[in-house]
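What follows is a short report on a single structure.
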Amino acid sequence: MPTFIKRILGLVVVVVLLVGMNAAMGREGLFGFGLPYYYGEIINLTGISIILAVSLNLITGFTGQFSIGHAGFMAVGAYSSVFMTVYYSEGLEKWLTGLVGATLGQSLVFLGVIIFGALVAALAGLVVGIPSLRLRGDYLAIVTLGFAEIIRIIILNIDRVGGATGFRGRVPPWDGRPIIPQYANFIWIGGFAVLTIVIVYNIVNSDIGRAFISIREDELAAEAMGVNTTRYKVLSFVISSSFAGIAGALFGHFRQFLHTNDFQFIRSIEIIIMIVLGGMGSITGAVLGAIVITILPEMLRKLPGDLYSYRLVIYSALLIVIMITRPQGVMGAKEFGLSWLKRPQRRPEGDKPAGEKGVPIAQQPAPPKEIEQGKEHA
Amino acid sequence: MKRTLFALLLITTLLIGFACERRGAGNNGGSTGPIVVGYYGDLSGRTSSFGQSTKNGAEMAADEINKAGGINGRTVQIVTEDDQGEPNKAATVVTKLINQDKVIALLGEVASSNSLAAAPKAQEAKVPMISPSSTNPQVTQVGDYIFRVCFIDPFQGEVMAKFSANNLHAKKAAILYDFNSDYSRGLYQFFKRSFTSLGGQIVSEQSYTQGDRDFSGQLTAIRAANPDVIYVPGYYGEVGVISNQKKQLGIKAPLLGGDGWDAPQLWQLGGSSLDGNYISNHYSVDDPSPAIQKFVADYKARYNILPDALAALGYDAMKVLADAIKRAGTTENVKLRDAIAQTQNFQGVTGRISIDKDRNAVKPAVVLKLQNMKFVYETTISPEGTPVTSASPNTGTSSASTGTTAPPAPPTKAASPAQ
Amino acid sequence: MDTFVQQLINGLNVGAIYALIALGYTMVYGILRLINFAHGDVYMVGAFTGYFIALQLGLAAGGPSLVSLTIVLLGSMFVAAVVGMIIERFAYRPVRKYSRMTTLIMAIGVSLLIENLFVARIGAAPRAFPDFLGSQSQLPYRLFGNAAISKAQIIIFLVSIALMVLLQWIVFKTKVGTAMRAVSFNLNSAKLMGINTDLIISLTFAIGSALAAAGGVLTAQYNPNIDPLMGILTGLKAFVAAVLGGIGNIPGAVLGGLLIGAAETFVVGYGYHIGIASTYRDAVAFAILILVLLLRPSGLLGSTVQEKV
C-alpha cells in the first residue's frame, strides 16, 4: 500500500475510534450502551498521562536532560488556559456561536485557549531552560524542581485563580464564567495524545532529533561536531514544556477544577516513573508506561488497605530495580509498529544520508551500551 | 501498521463489548439488602490523620446503627476509598463510588478543596453528599445535593473575633495563618473582618506553609508589633511548634485557634507552652452531657484514643444521614435529598444540627481554653439569632461580603458536551 | 535593632542546620559528582531514629536532660551512618559506571523508597520529638531589649560548629581525609595510588549521613514536629546552600547554609514591608540557585572545573 493511503486510512481509523469511544463514554452511550463513567474517566486521565510522558521523554529520553518539574509546566498550561476560558472567552464564544454554530464555536475557543496554555508553558520553559541548560545536566533537575515549587507558590498568591481554595470558575470581584466549562472530552484528549505522539515521532526522526540524540550520547562530542548544544537543549525543553502545557489545559477543562495540590512534586515523579518504566528514548514505551502507571493504582484499589498503602513503596522499589538491571528503562530505545507515522521518505531505505546538515552521530535506536560508557567523571 | 490498527480496533471492541452497560439505569440502591454509603478521604497522604479520624467516627456510627437493627430493617455498609489528599483523585474515587459501588450517599471530604473537586461529580449523578468538616462556604454552593454538618469558616472566624474582643478585651491582634490552606485563609479573612468591625486593630499579618519547621521569623515580626492576642488558624502540626517557638521568643500574648488544633499530637508537640491559649471547636470532650460522654467512652473503648472533633463530625454525618433515610423511608435520591435538607434540631455529638436553606449546618461553637494538657470548656457562642429554620444571619452577611453569594450554582450549568 | 538581631539569630539558627546537611551533599558530590537526593531523607531518618531511640530507652519520659540528648544524638548519627553506607553499597555502587542520569534517577528512587516506606509504616502524620532541653517550659535568655536566645538555639549553634570543626580536622589532618581529597581529585588515579576507593566512598557517605542525622536531631529540639516528608524541602535547600558555597567545597557549604538560612528569615521578617508575602520563603532558595547559576556557576568559594573529555 502506498504510504499516503496508509496515512489516510490510519487517520480515518483514529477518528472513528475517538468518536466511537467518546460516544461510549457519554451520557447517551453508543447505541444505548456506554462505558461505566469511572472507566471513561480513567481512560481520559490516561490520555493526559500519555501526552505528559511522551513529551517528557523528548527532553529526558531523547535529549538526555533530566527534568523533574514537568508537573509545574502542566500547572502553568492548566492555569493560564483556564484563566483565559473563565475570564476572557465568553464574549468570543457567543460571537463565534452566532457565526459558525455552538459546537464549532466552542471548539475554536477551546483550541485557542489550549494554544495559549501551550505558549505560556513554552515561555516558562524558555525562562527556566536558558540559565540551567547552559550548565551540565544535574542542575536542570534541581532548577526544574525549584521552578515547580515557585509556580505553586505564585499560583497560591493569585486570588483571581482561586488561591488555596482551588479554581472552579470566576472569583467574585471579577466577572467571568461561574464554572469552568467541560470542553475536553475524549475526542480532544485522545486526539491530542495521538498528535503528540506523531509530532514527537517526527521531531525525533528529523535533523533536530538527531541533534537531540547526539547531545544525549555525548555532549562534548556533539559540541565538537558543531551542534549548538545549548540551543538544542533549550529547544527540546521548550517543546517538551509546551506539550505539558497542552496536557494541563486539557486536564483543567476536563476536571473543571484546579488546585495546586494536583501539581506537586509527586506528580512530576509519576511522569518520570512512566518513562523509566517504558524506556527512555522509546515513544511507544512512554505510552505503555503512561497507561500502566495511570491504570495500575486504580486496579490496586481492590487490594486490602494495608497492601494498598504500600503501592508507592512498590513503585520506588521498581524504579531502583529497573535502574540497576536496565538503566535504559524496560523497553530501552525499542519501538514497535510506529513506522507508518513517519513523513513520506524521499530517498529509498538503506541509502545513508551523505552530506545532509545535522549530525548523524548516533543512529536510532541507540544501543544502550553507549550510555553506559558515559562515566567521564571517573 | 496493520497490526497496530488491528490491535487498537480489537481493544476498543472488547472494551465496548464487555465493559459497557446500558445507559439510563436508575441508581437508587434498590430497596432490599444493605444500604451502601461511600466514604472518601485522605488515608495515606499528609492529612491522613484527619481522614482516618473521620472514617473511624463514621464507621462507629454505622456499627451502632446496625446493632440497633439498622435503618428500616436494612443494615448500613460503608465503602471506603482513599484519595491521598489530592483533589484530582478525590473526583476519581467519587466517580468510582457512585458508578461502581452504587452508593446511595457519600460522606466526605475533610479538606474543602477535595470536597470542591468531588462535589460536582455527586451533584451531576444526583447522589446526596454530606461533608463532615469542609468549612469553606463554596462547598455546598456546588448544588442542591451537597450538605455539611459543620459550621462554616465565616462563623468560626467570627466566634474567635467576638471572644477576643468581648471576653479577652483585646484591642490589637496579630494573625499567623497557613497560606497553603484554604481553611486557614478563610478563618483569617473572617476573623480580620469581624475583629476590625468590633473596633479592634490588626497589627501584623504573617503566613507560613504547611510543613514549615521554623516560625521564628514571623513570630519575631509579630513580637515587634506587640499584639494582645495572636490568631493562628492552622493545623496542630505547625501550631504545636509555633506555640513552642513563641514561648522561646518570650512573647506573652495568648494564641487563639480553630478546630484544626484539635488532635492528640498537639500536646506532645507544644507541651506546656500551650497553656493559656484558646480555640474554637465543634464540641468538647469534657462536655458533661451524657450523650457526649457516652460517645467519648465508646470511641475510646473502640479505638483506644480520645475522639477529636473530626471523629465526632464523621459520627454525626453518618447519624444525620441515617436519620434522613429513616424519615424518607427510602434511599431514592430525590426523597433522600429532601429529607436531609429538612433536618431540624438533630441532636448530634457536636451540637444541635439544623440544615439551613444553603445546606449548611447551623449550630453553636464552643470556646475551649488549653490548660495542663487538656481542653477546658470556656464558653459557647451561638450563631446570631437562635438557630431556627431560616438561614443564620452569619451566613448571609459573610457570604455577601466575600461575594460568594451567587445562588447555588444550577446543576445544569455543569452540563458538558462530553457527558 | 533588637528585632534585627533577633532575626539574625533565627536565621543563623536555621542556617546551621542547612549547613550540616549541605556538608553531606558537598562531600558526596565532590567525590562522585552525584546529587544524592536521598540525603534529605537521611536527615529525616536521623530525626526518626532519635525519636525511636528516645522512646525505646524511655528517655522521653525522663524529662529534659543533656545526657539523654547526647545518647540520642550519637545513636542516631551512628544509625544514619550505617544507612548511608547501605544506600551507597546497594543503590549507588551498582550504577556508578552508568551515565549521570541513571545515577540521578537512582537517587530519586532511593529517596522515594525511604519516604514511602516510612509513610507506609508509621503514617504521614507529624510526630512529636521529645523535648530534652526543656524548651516547652523554659523562658529564653534575654540579650538586650527584646532580643533573646533560647537554650535550644545555643545548643544547635555549639554542636553544629563543633561538628564542622571536627569534619574539617578529619578532611585535612587525617589519612582518611587525605584519601578522600585524593579520590575527589581523581578517582582512577587514587585507585592507582593504592587507595581503597570503595571504602573511602563508603566512609564519605557515612560521615555525610551522620552529620545530616545530627541536623535532624538538633532541629527537632527546636522544632519537635517530625514527619516522613520533612527531608524533601530541607534537603533541597541544603543542596542549594552547597551550590551557593561552591559544590565540593566544605567551608563553602557552611557559608552557603548560613546565608540561605539568613536570607529566608529576612524575607519572612522584612519581606512584607516591600510586599513579599512570607510564603515566598521557600522560593528564596531557588531564586538564589538560579541567580548563582547565571552569575557564578562555580559558587562563592568554588573554583571553575573544566569538563574532562
Members of the stretch B:183-206 found to be facing another protein chain (nearest Cβ under 10 Å) and buried (at least 24 other Cβ atoms within 10 Å of the Cβ), listed by number
B:TYR183, B:SER184, B:GLY186, B:GLN206
Any residue in the stretch A:239-261 that is of a type in the set (S, T, N, Q) and more than 29 Å from A:ILE150 (Cβ to Cβ)?
no
Among residues of the stretch B:40-58, those that are modelled with pLDDT of 90 or more, within 12 Å of the chain's Cα centre (by Cα) and assigned to a helix (DSSP H, G or I), counted
1
Are any residues in the stretch A:33-64 surrounded by fewer than 24 Cβ atoms within 10 Å (Cβ to Cβ) and either at positive phi or hydroxyl-bearing (Ser, Thr, Tyr) (or both), and if so, which ones?
A:TYR37, A:TYR38, A:TYR39, A:THR46
Tell me which residues, restricted to the stretch B:236-265, are at the interface with another protein chain (Cβ under 9 Å from one of its Cβ atoms) and over 16 Å from C:ALA147 (Cα atoms).
B:TYR236, B:GLY237, B:GLU238, B:GLY240, B:VAL241, B:SER243, B:ASN244, B:ALA263, B:GLN265
Of the criteria (1) more than 9 Å from chain B (Cβ to nearest Cβ); (2) over 26 Å from C:THR103 (Cα atoms), which one A:LEU56 fails:
(2)
Among the residues of the stretch C:134-162, the number that are modelled with pLDDT of 75 or more, crowded, with 22+ Cβ neighbours inside 10 Å and under 25 Å from the mean Cα position of the chain (by Cα) is 5
Count, please, the residues in the stretch C:92-126 that happen to be part of a helix (DSSP H, G or I) and closer than 23 Å to A:ARG216 by Cα.
14
Kindly list the number of the only condition in (1) within 8 Å of another protein chain (Cβ to nearest Cβ); (2) in contact with a helix residue (DSSP H, G or I) (Cβ under 6 Å, 6 or more places away or on another chain); (3) under 30 Å from A:ASP159 (Cα atoms) that fails for A:LEU30.
(3)
So for the stretch C:272-281 (the condition being within 24 Å of C:VAL42 (Cβ to Cβ) and crowded, with 20+ Cβ neighbours inside 10 Å), does at least one residue qualify?
yes
Among the numbered conditions (1) out of contact with any helix residue (DSSP H, G or I) (no Cβ under 6 Å at 6 or more places or on another chain); (2) more than 19 Å from B:ASN114 (Cα to Cα); (3) surrounded by fewer than 24 Cβ atoms within 10 Å (Cβ to Cβ); (4) not charged (D, E, K, R), tell me where B:ALA170 comes up short.
(1)
Provide a single number: the residues in the stretch A:33-53 that are in a helix (DSSP H, G or I) and either among the aliphatic types (A, V, I, L, M) or more than 7 Å from chain B (Cβ to nearest Cβ) (or both).
13
Say whether the condition of being at the interface with chain C (Cβ under 9 Å from one of its Cβ atoms), assigned to a loop (DSSP other than H, G, I, E, B) and at pLDDT 75 or above is met by at least one residue in the stretch A:318-325.
no
Considering each of C:GLY75, C:GLY50, C:GLY15, C:GLY40 in turn, give the residue that is under 17 Å from C:LEU218 (Cβ atoms), within 13 Å of chain A (Cβ to nearest Cβ) and not acidic (Asp, Glu).
C:GLY40
So B:GLY186 clears everything in (1) out of contact with any Ser or Thr (no Cβ under 8 Å at 6 or more places or on another chain); (2) modelled with pLDDT under 90 except one condition, right? Which one?
(1)
Being in contact (Cβ under 8 Å) with a residue 40 or more places away in the chain, in contact with a helix residue (DSSP H, G or I) (Cβ under 7 Å, 6 or more places away or on another chain) and either among the aliphatic types (A, V, I, L, M) or closer than 30 Å to C:SER99 by Cβ (or both) is the filter here, so list the residues in the stretch A:78-111 that pass it.
A:ALA78, A:VAL82, A:VAL109
Report yes if some residue within the stretch C:220-241 is at pLDDT below 85 and basic (Lys, Arg); otherwise report no.
no
State yes or no: is B:ARG337 of a type outside the set (Gly, Ala, Ser), touching a helix residue (DSSP H, G or I) at 6+ places or on another chain (Cβ under 7 Å) and part of a helix (DSSP H, G or I)?
no
Could you please find all residues in the stretch B:223-240 being surrounded by 24 or more Cβ atoms within 10 Å (Cβ to Cβ) and in a helix (DSSP H, G or I)?
B:ARG223, B:TYR236, B:GLY237, B:GLU238, B:VAL239, B:GLY240
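The values are calculated or read from the model by the stated rules, or taken from the named source; none is laboratory data. The model shown is predicted, which means the values in this text are computed figures rather than measured ones. For neighbour counting, all protein chains shown are included, and Cβ atoms are generated from backbone atoms with ideal geometry for every residue, glycine included.
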